[in-house]
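See below for the structure under consideration.
The values are calculated or read from the model by the stated rules, or taken from the named source; none is laboratory data. Note that the structure is a prediction, hence the values are computed from the model and not measured. Cβ sites come from the backbone with ideal geometry, for glycine too, and all protein chains shown count toward neighbours.
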Amino acid sequence: MGYRYIGAKTKISNEIISEISKIVPSGGKIADIMCGTGVISLELRKKGYEVIASDVMYQACHITKVKVLLQQAPPFNGAKKYFSKKGQLLLTGYSGYEAIIQALNNLHPFKGYFWREFSPEGKPKNGSAPRRYFTAENAQKIDSARAFIKKLKEENAITNIEYSLLVHDLIFAVNDVANIAGTYGHYLSKFVERAKQLIRFTPTKFENGGITEGHKIFQGHAEELVINMQADLCYIDPPYIKRQYGANYHILETIAKGDEPTAEGKSGLRPWRDEYSDFCSKVKIRSAFEKIFNGMKCKNFLISYSSDGLLSKKQLMELFEKFGTVIVKEFSHKRFKSRNEDADENVTEYLFFLKKTNS
């Protein structure tokens, strides 16, 4: 089903890049400080911009690293040497990356953390009823894949970008067989056909264009990171509703972090308060914007926001105009639905251009 991410800008990325190009020509430095799945960062790289990307979510950082920093598969030379020393040969006739993908598909499943916490055969540590995020077989395959990738990292058999690539591939493979409606806030009561399929790892298709050198990706809260950033333009795509990404994508965040956190409550949520976003709070959102505008060495800001958001167009204009001149454009596109919500099919996307005049 692909990676359905709340607020992803895939449908209007062309409009956003077009507006950026009117302000900063190709070759300039653009900050994408809430990069999500890296849709805009990738397009910026392909258009010849230098990209500084960041996100509070670890999964977003792994995904964006792969999109922005890679135009072809890395060699996995260290992994080939590692297996050779152990007397284990990777499949011949494949590149190092393709051989690793085949190795992931051929791993023997075992009953680990995911089997215990997220499959119907498991017994959650907190005493909750078994959860049905994955079939027992897929949960065991996920456990074996996590252990395999972790071992390669611990043995220094893969580079940092190779590690991010394998985590990226595991995230997408897991998402394809997850028994959910769209996000991971809760699992479905019965397994849908998609979730019954055996998990498969497939090589990532890389996109060419621009350069891969000079780009930087950081993990953390944008309000804190921007203090050390300088760019010709800062693109901001904040969360716009109360739903926290840390809760909605908790399982993928566990994949990204490679840990085994306490699975809390009936849904098995990981502790996520460290990834809490003030942009999901009607009380704190104004202060969060102000910290970015005041803290970053940048005069040009382009802000995406939805008509479904916590603040209205008028409220945002009043806030942004405290810092400079503001122009707003509007685009209509289909809304994200994780369930069959009784709501209009289309939503309006606002694109605010703030030319900061106040220091």
*Would you say Lys190 is in contact with a Ser or Thr (Cβ under 7 Å, 6 or more places away or on another chain) and not assigned by TED's automatic domain parsing to the domain that holds His62?*
no
*Residue check, Ala288 against (1) within 18 Å of Glu349 (Cα to Cα); (2) touching a Pro at 6+ places or on another chain (Cβ under 9 Å), all met but one. Which one?*
(1)
*asked:* Take the conditions at pLDDT 95 or above, more than 14 Å from Cys234 (Cβ to Cβ) and not in a loop (DSSP other than H, G, I, E, B) and apply them to Val51. Does it pass?
replied: no
*Enumerate the pairs (first residue in the range 273-288 and closer than 13 Å to Tyr245 by Cβ; second residue anywhere and part of a helix (DSSP H, G or I) and acidic (Asp, Glu)) with beta-carbon separation below 9 Å, excluding pairs fewer than 6 apart on the same chain, so at least 6 apart or on different chains.*
Glu275/Glu253; Asp278/Glu223
*Can you confirm whether the range 216-232 contains a residue that is among the polar types (S, T, N, Q) and part of a loop (DSSP other than H, G, I, E, B)?*
no
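In the range 250-260, which residues are more than 9 Å from Gln59 (Cα to Cα) and surrounded by 23 or more Cβ atoms within 10 Å (Cβ to Cβ)?
Residues satisfying the conditions are His250, Ile251.
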*Taking the stated definitions as given, is Ser267 of a type outside the set (A, V, I, L, M, F, W, C), outside the structural domain of Thr183 (by TED's automatic domain parsing), out of contact with any Leu (no Cβ under 6 Å at 6 or more places or on another chain) and on the phi < 0 side of the Ramachandran plot?*
no
*asked:* So Cys35 passes all but one of these: (1) under 15 Å from the mean Cα position of the chain (by Cα); (2) crowded, with 24+ Cβ neighbours inside 10 Å; (3) in a helix (DSSP H, G or I). Which condition number does it fail?
replied: (3)
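Which of the residues that make up the range 185-208 are under 30 Å from Ile30 (Cα atoms) and surrounded by 12 or more Cβ atoms within 10 Å (Cβ to Cβ)?
Selection gives Pro203, Thr204, Phe206, Glu207.
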*In the range 150-174, what count of residues is obtained for those that are part of a helix (DSSP H, G or I) and under 20 Å from Leu69 (Cα atoms)?*
14
*In the range 162-211, what residues are within 28 Å of Pro74 (Cβ to Cβ) and more than 19 Å from the chain's Cα centre (by Cα)?*
Leu198, Ile199, Arg200, Asn208, Gly209, Gly210, Ile211
_Residue that is nearest to Ile241 (Cα to Cα) [pool: residues in the range 307-342 that are in a loop (DSSP other than H, G, I, E, B), among the hydroxyl-bearing types (Ser, Thr, Tyr) and modelled with pLDDT of 85 or more]_ = Ser307
*Looking only at residues in the range 24-39 that are touching a residue at least 60 places away in the same chain (Cβ under 8 Å) and out of contact with any Ser or Thr (no Cβ under 6 Å at 6 or more places or on another chain), which one is farthest from Ile255 (Cα to Cα)?*
Val24
*Could you figure out which of (1) in contact with an Asp or Glu (Cβ under 9 Å, 6 or more places away or on another chain); (2) closer than 30 Å to Phe301 by Cβ; (3) free of Cβ contacts under 8 Å to residues at least 60 places away in the same chain isn't true of Asn228?*
(1)
_Every residue from the range 100-117 that is basic (Lys, Arg) and without any contact (Cβ under 8 Å) to a residue 24 or more places away in the chain_ = Arg116
*asked:* Taking the criterion of being surrounded by fewer than 22 Cβ atoms within 10 Å (Cβ to Cβ) and acidic (Asp, Glu), would at least one residue in the range 162-175 satisfy it?
replied: no
*Does the range 343-359 contain at least one residue that is modelled with pLDDT of 95 or more and aliphatic (A, V, I, L, M)?*
yes
